[in-house]
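The values are calculated or read from the model by the stated rules, or taken from the named source; none is laboratory data. In this text, all values refer to a predicted model and were calculated from it rather than measured experimentally. For neighbour counting, all protein chains shown are included, and Cβ atoms are generated from backbone atoms with ideal geometry for every residue, glycine included. Just the protein is used for accessible areas: all its heavy atoms, side chains included, with ligands, DNA and RNA removed. Shrake-Rupley method; radii C 1.70, N 1.55, O 1.52, S 1.80 Å.
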Amino acid sequence: MGSLLSACGINVKKKKVEEERHLRANDREFNLSFKYANNAIKTSKYNVFTFLPLNLFEQFQRLANAYFVFLLILQLIPQISSLSWFTTVVPLLLVLSITLAKDLSDDITRHKNDNHVNNRKVEVLIDGELKSEKWMNVQVGDIVKLENNEFVTADLLLLSSSEPLNLIYIETAELDGETNLKVKQALTITGDLGNDIQRLAAFSGEVRCEPPNNRLDKFTGTLTVGGETLSLDNDRILLRGCTLRNTEWCFGLVVFGGPDTKLMQNSGKSIFKRTSIDHLMNVLVIFIFGFLAFMCTILSIGNAIWEYQEGNSFIAFLPRADGANASLSAFLTFWSYVIILNTVVPISLYVSVEILRLGNSYFIDWDRKMYHVKSDTPAQARTTTLNEELGQIKYIFSDKTGTLTQNIMTFNRCSINGKSYGEVVDFAGQRVEVTEKTEKVDFSWNSLADPKFYFHDHKLVEAVKLGSPEVQSFFRLLALCHTVMPEEKTEGELFYQAQSPDEGALVTAARNFGFVFRSRTPETISVVEMGVPTTYKLLAVLDFNNVRKRMSVIVRNPEGKLTLYCKGADTIIFERLHPSSTKLMEVTTEHLNEYAGEGLRTLALAYKDLDEDKFEEWRERHHEASTALDDREAKLDAIYEEIEKDLLLLGASAVEDKLQDGVPQTIEQLAKADIKIWVLTGDKQETAENIGYSCNMLREEMKEIFIVAANTAEEVREELVNARKKMSPESGDEPPIQKSRLLGKKSQVLEDEKVDGEYGLVINGHSLAFALQKDMQLELLRTACMCQAVICCRVTPLQKAQVVELVKKNKKAVTLAIGDGANDVSMIKTAHIGVGISGQEGMQAVLSSDFSFAQFRYLQRLLLVHGRWSYLRMCKFLRYFFYKNFTFTFVHFWYGFFCGFSAQTVYDEWFITIYNLMYTALPVIGLSLFDQDVNDRWSFQYPQLYAPGQLNQYFSKMAFARILLHSCYSSLILFFVPWAAMCDTVRDDGKDIADYQSFALLAQTCLLIAVSVQLGLDTYYWTAVNQFFLWGSLSVYFAVTFTMYSNGMYLIFTSSFPFIGTARNSLNQPNVWLTILLTTILCSLPVVAKRFLFIQLKPTINDKVRHKVRQAKAVPLPPPRKFPRRRISTRRSGYAFSHARGYGDLVTSGRFLRIPVKTRPTLFPHSETPVADSTPQTYRTIFEEAQSP
Amino acid sequence: MASSYSAKEEDGHHSGSAGLGGAAIRTRKPDNTAFKQQRLPAWQPILTAGTVLPAFFVIGLIFIPIGIGLYVTSNNIKEIEIDYTGTDMSSPCFNCSQSFSWNSTTPCKCILSFSLDQPFESNVFMYYGLSNFYQNHRRYVKSRDDSQLNGDERSLKEPSKECEPYRVNVKPIAPCGAIANSMFNDTLDLFYLDPNGTKTQIPLIKKGIAWWTDKHVKFRNPPGSNLTAVFIDTAKPVNWHKPVYELDTDPDNNGFINEDFIVWMRTAALPTFRKLYRIIQKKNNQTPTLPRGNYTLEVTYNYPVRSFEGRKRMILSTISWMGGKNPFLGIAYITVGSICFFLGVVLLFIHHKYGNRNNSSDIPS
């Protein structure tokens, strides 16, 4: 029965909430008694039988559809029905079936995916042997065997693995977006089972654990084996969605299956974002309903008066139903008019809006100029309902690492023993700009060199080759003092897995300069020094943390000499130098300033030879401290401090954090479009500031750049207020808040304040935390919004979201967040529009984004071209759509005064039915899919064209009111001109033409031609498709009209087509055509005159650019401006060190160290793709998350 | 962190890289077509002085002559309208209008005289006009059965519900409905009073007054050679004096295809309307159709309009290529043409004075 029910797609709600999961390995009977879900997943919503009823049920929950059903019911009441039922049913059916088809295809895809996943094979231990089984048949309590690079089948308890210490490596990219490998370790008691099938089959451990939940980082439970109870934590659990890497095989016990897995528990519904135009539309629709009721009331009052004055005496010819009087008639008329005038809230509006948004999303997907060749990634509109908002962005919140920068570090400069290297100098001693063509240093003498490493200064290699001791020590330090993991697949082919990209760059530099870090064990580091293999004993790692800002290693070289190597932030190192280094320190400081001025990340390097006895004594105390139970960290820090002193300075290194291509240009363009850019980065202040300068956000021309770095709330407030007062001395203490009440919702909007000149603001993490407190939020917002550029440093993911939320809530502006990593997800989800950088590692940001592309620079195309067009098109569409429908409807209103307010229609019912569906549907869709005011190149040339979108100029309540008036005018023309022209007129053979049917035909033809001409006036960009749609629709109108009014149709469906012969009899009359011409001219002339007048007197930016385009048609566009690479003139000191703590433990504990297995085919599948080969080696940040707590 | 889950995404990008192993590397680069790259060739008109101003002048220049032509044509149409409602005490039809009952068997007659100052040269069309008669009221317009009128036998026996309350009167009513029931049934006769005193009746042609499509397609008698037999099982409309098969003696103009009936059934768009009643054919080129002189109109007064303050008129009119007399279009064309011309001048002036704002490249940056 249960299976039958679940087959029918009905979820039987569990009556009892699971409180604890209890299962026994290899005991299906026992486990089945709990009725745990098996491993089949179901993401599809319907099956064959439930599709139609469920889907229809869902659709009718939508307001628009429900409204039309309501209309349909009204139409079925004969006393009310003013229109035949088909006028509502046909559009409704069309809309329903389009949605039905879309949902069907979506669900079929989901079914296919489900089947694909459910039918994957995995080896399961059944009855003492391994059998290949489908995923969906795997039960809780089964033991499964996974092999390398396989997906984890379900949430498993790791039992044993092929690797030593029962370790396995998994990649969790699909789960949390991090691509670095993670380690899981089995319990020793289960690890001993190995791959012994007999023993595994006999294993009967019992697991008691938490019920299914969505916490990815937590697991609590116990395993009972042979009476012994062991506790289980997250380290023993493999989650579904992970991939097994670098591990030959492992065995696992299924704990949660299918829907109970943490992956599935996490797949909640994502937040449904709506655009500001959506909100406006909702308000307008409510207004329209009110307006509809208003019109109907007027008409029904009119009806009451008519019935009272005229109807009573007209009974002889038009009898009333029994008991009907004026008031009843007025009541019924109200509803009759609700039916007739329903076209003001057209059902097709919603469908058309969806269609054109989808179309514009496809244009984004198809854009070759947003396609990144290197990573083979096209841009993607993941949400298809937000495009027009791309044209209204006012604030951009950007992540730095991986978004503005490539997250590729290159070793660029260094200062060794007071001598600076890395600068290319020509013969005259002048600095030379490094370009592609600059000669590179040849590293072919070093067989282990990384071919992707470039260096341009030959002097350094010479120095190394000459055996300068300082230079050699410098690189020896770089090769020894780090926590990088080496990977040597084949002899001589080294790959480094570094905790931070900086570190990877430094170790690679050392490698190329002849100090190759080759492998490590917990106790040793093997290095090839200028071709000589050397092994150092690693005695201690004094790990990095944010307070210490340095790391050291203590090693013993083959000769037995003890040395401490230390690298770290210069200020920290300089404090701990031996007095003898003072002179060198001064020179190095000069160099460091120079490097920092170029935006490089710098580190100071120092060393110290140690005394054997002292070290032994220190080591003991270190051991003591490291095993202390309380306050261990503080104690360790103190111990470290003790030995890291009297250091001898070696020099300094400078690493370049490479910007992505085109970032400064993009930022300049966006700034011209009056978009404010806030960078929210986890980096520290100096680094962020440097990047701010190098990517053109902060500029030398800026009047002032305020730096907020205070330690108490009061100081922060003071600094913010001071900054604000400086920017705008007259700004008052009270924030300029505009309060408004709309539909019961109170909203507060902070108004923009005027500032002369450009300013920048940098705020550090500590101050930001204070500034984001409730009472200071507005102060922060006021000050920050006055600045052109804002940089927030040391921001946590949560704060990122808070900052975005702050602007979103208090400013009437559209926000966009762009980022690439898991730490940007919160902000991407919070902002109106979230953009993910794709094509790199990690999917999390992309998965939660609305748009994704590979490079930051595509943002300008997305906003300035696609966004602008989408906004323009959407607004044009709405304006035109409302115009054509209001005009259509108002004619009925005027006719009411001439037909006794009887809810008689002006047009043929068939015309009413298909006016929106056929005659006017395609032209307006054509308009809103293809229209462009100016092409993409001009859009870039004049970023100012973006401004109307930010100011909501194209569609607003004002614009709506204007449409209303315009429609009113048009409908007056469209009714009264035919009315006057047909009054007491006859055909040219004396017969009737002022009859109802001829009048209806005339009115509808006038209407259709007038709205088509209006469409033509609105179209800026006439493609062949537009022409075809417009002329096609008009021809279709005449073809359909003549067909419906033909003899044949009448004889077959006598009662449905009573307009027989009307078209033939009236459209051959010259005065009919003269009337049509007159109405058309009268409708369009004022529009043309008004627009021409505005172009002459008050041209918009748009008109000006379009005029310029027209003029420039013969002359080609000026070539795209070249952006000179900026040199930063002033020296700013910036010392950066992107590093995280916590890795040293792993190095020494050996958990990450693998014993090389010769026969292993693939260790790093990702590095074998051509993509990986063609890009410089990148270094993954292992604890990027942990860096920003 | 919750993202919408799709089973496929579990595969992630690895499924993509799996395909890269093959020889043929398929890139995901979008196609370079004009459509997909939004580079479709297009005509981009803008409103410039060079196009807008001439357009205004041209429209003005075209509209004014058309307007004048229309106005002159309309003015040349001769038309005379005689109201014979008889609400006024002095009217000859006053008595008839007062003593009205649907059931009266003796027709009330009244005679009105009028004179033509000018002869009507070409064919003259005789209309009856009604005012304040809501033929376009929704309930009225609906109240008919097109199938019945098209000769459908089933509808003849069982008329549509729309015809209520004129659907069944013991027997099913044919033709049913309020429109048919209220058919105009005054008889109008026109006499010419020769200056010598003789009174000649002017021949009125009653065929050819309905649309060809109505007469031959829309309206048909039920099958059967003898109309009386065909309609035997039906009742006449309540207000009618004779059944439908006695409307005329001519079998070609009897029953549902009686042209007076067809003309009535084509409901008017507005509460004031005129309907073609008879045609006075021009006899020969020498004499005008209706010479100057005195005429009398003899009305058999059957149709009551007094209750709802309606008016009844008899109209004699000639026609032109643009139909009957209606000066509106002519005046409207002349007005619109003049406005266009005027606007053109104003815009030209404005353009001359301010137009250079657009030309200068003062696009703020």
Checklist entry - So what is the 222 nm mean residue ellipticity for chain B from helices alone, if each DSSP H run of at least 4 adds -39500 (n - 2.57) and you divide by all residues, rounding to the nearest 500 deg cm²/dmol? => result -7500 deg cm²/dmol
Checklist outcome for this item: The set of cysteines in chain B having no other cysteine's C-beta under 4.7 Å reads B:CYS340
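Kirkwood hydrodynamic radius, computed over distinct alpha-carbon pairs, for segment A:833-887: how many Å, to one decimal? Intermediate results must be reported in sequence, preceding the final value.
Values: mean 1/r = 0.0763 Å⁻¹.
One decimal place: 13.1 Å for the Kirkwood radius.
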Checklist entry - Considering only Cα-Cα distances, which of the following residue pairs are longer than 31 Å: B:LYS207/B:LYS236; B:LYS142/B:LYS312; A:LYS549/A:LYS811; A:LYS452/A:LYS608; A:LYS452/B:LYS29; A:LYS440/A:LYS567? => result A:LYS549/A:LYS811; A:LYS452/A:LYS608
Checklist entry - What pairs from A:LYS45/B:LYS36; A:LYS134/A:LYS273; A:LYS273/A:LYS957; A:LYS754/A:LYS1098; B:LYS161/B:LYS242 go past 26 Å between their alpha carbons? => result A:LYS45/B:LYS36; A:LYS134/A:LYS273
Checklist entry - How many Cβ atoms of partner chains, on average, are near each residue of A:1015-1022 if near means within 10 Å of its Cβ? => result 3
Checklist outcome for this item: Loop-resident trypsin sites (Lys or Arg not before Pro) in segment A:455-521 with no more than 11 other Cβ atoms inside 10 Å, DSSP not H/G/I/E/B, are none
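Give, as a single signed number, the net charge of other residues whose beta carbon lies under 11 Å from the beta carbon of A:THR712, with Lys and Arg counted +1 and Asp and Glu -1. Don't skip to the end; give the middle numbers.
Values: positive: A:ARG717; negative: A:GLU714, A:GLU715, A:GLU718, A:GLU719.
After counting each charged neighbour, the total is -3.
Let me have the relative contact order for chain A, percent, based on Cα pairs under 8 Å that are six or more residues apart.
Once divided by the residue count of chain A, the mean separation gives 13 percent.
Note the direction-averaged projected area, equal to a quarter of the hull surface, for the Cα convex hull of segment A:907-973, in nm².
On the way: hull surface 26.2 nm².
Dividing the Cα hull surface by four gives the mean projection, 6.6 nm².
Please sort B:334-340, A:26-32 by packing, taking for each peptide the average over its residues of neighbouring beta carbons within 10 angstrom, highest first. If you can, show how the numbers build up before the last one.
Details: B:334-340: 18.6, A:26-32: 14.9.
By packing density, highest mean first, the sequence is B:334-340, A:26-32.
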Item to check | Dipole of segment A:612-726, positive direction: furthest Cα of A:ALA688, A:LEU647, A:GLY662, with charges on the beta-carbon | outcome: A:GLY662
Checklist outcome for this item: Between chains A and B, the summed loss of accessible surface on complex formation, probed at 1.4 Å and reported to the nearest 100 square angstrom, is 11200
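Can you pull the semi-axes for segment A:955-1035, root of five times each eigenvalue of the Cα gyration tensor, sorted largest first, whole Å?
30, 20, 8
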Checklist entry - What angle, in degrees between 0 and 90 and rounded to the nearest 10, separates the Cα long axis of helix A:469-480 from the longest principal axis of the Cα atoms of chain A? => result 60
Checklist outcome for this item: Semi-axes in Å, largest first, for the protein assembly as shown (Cα gyration tensor, √(5λ)) are 87, 40, 25
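Could you give the dipole magnitude of chain A about its Cα centre, charging the beta-carbon of Lys and Arg +1 and that of Asp and Glu -1, in debye to the nearest 20?
Values: 128 positive and 133 negative charges, 644 e Å.
About 3100 debye.
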Checklist entry - Which angle between 0 and 90 degrees, to the nearest 10, do you get for helix A:777-786 versus the longest principal axis of chain A when only C-alpha atoms count? => result 80
Item to check | Under 13 Å from B:LYS78, Cα to Cα: aspartates and glutamates that are on another chain or at least 8 residues apart | outcome: B:ASP117, B:GLU121
Checklist entry - Debye sum, Cα scatterers, segment B:21-145, no solvent: what log₁₀ I/I(0) at q = 0.14, 0.16 1/Å? => result -1.02, -1.11
Item to check | With DNA, RNA and ligands ignored, accessible area of A:LYS725 (1.4 Å probe; Å², nearest 10) | outcome: 70
Checklist entry - Sequence-distant or interchain residues sharing an amide H contact under 5 Å with B:ASP83, placed H: which? => result B:MET314
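For segment A:234-296, what does the equivalent ellipsoid look like in terms of its semi-axes, each the square root of 5 times an eigenvalue of the Cα gyration tensor, given largest first in whole Å?
Numbers: eigenvalues 596, 32, 11 Å².
That gives 55, 13, 7 Å for the three semi-axes.
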Checklist outcome for this item: For segment A:937-953, in residue order, the Karplus 3J(HN,Hα) values (coefficients 6.51, -1.76, 1.60; θ = phi - 60°; whole Hz; Gly and Pro = x) are 5, 5, 4, 6, 4, 10, x, 4, 4, 6, 4, x, x, 5, 8, 6, 6
Item to check | Amide hydrogen neighbours beyond the local backbone of B:TYR277, cut-off 5 Å, H modeled | outcome: B:MET126, B:TYR127, B:TYR128
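Please state, to two decimals, what the Cα-based radius of gyration of chain B comes to when divided by 2.2 N^0.38 Å (N = residues).
It is 1.63.
Considering all alpha-carbon pairs of segment B:124-274, what whole percent are spaced by more than 18 angstrom? Numbers along the way, then the final one.
On the way: 6742 of 11325 pairs.
Here the tail beyond 18 Å accounts for 60 percent of pairs.
Hey, got the average number of other protein chain Cβ atoms within 10 angstrom for residues in B:344-350? Walk me through the intermediate numbers first.
Values: counts 1, 0, 2, 5, 0, 0, 4.
Mean shielding by partner chains, rounded to a whole number: 2.
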Checklist outcome for this item: Taking every residue of A:1050-1057, the Cβ atoms of other protein chains inside 10 Å of its Cβ average out to 4
Item to check | For A:ARG518, distant residues with modelled amide H under 5 Å away | outcome: A:SER526, A:VAL527, A:VAL528
Checklist entry - Over all Cα pairs of segment B:228-333, how is the pair count split among 5 Å bins, expressed in % and running from 0 up to the last occupied bin? => result 2, 7, 11, 18, 17, 16, 13, 8, 4, 2, 1, 0
Item to check | Degrees separating the helix A:276-306 axis from the principal Cα axis of chain A, which is the longest one | outcome: 20
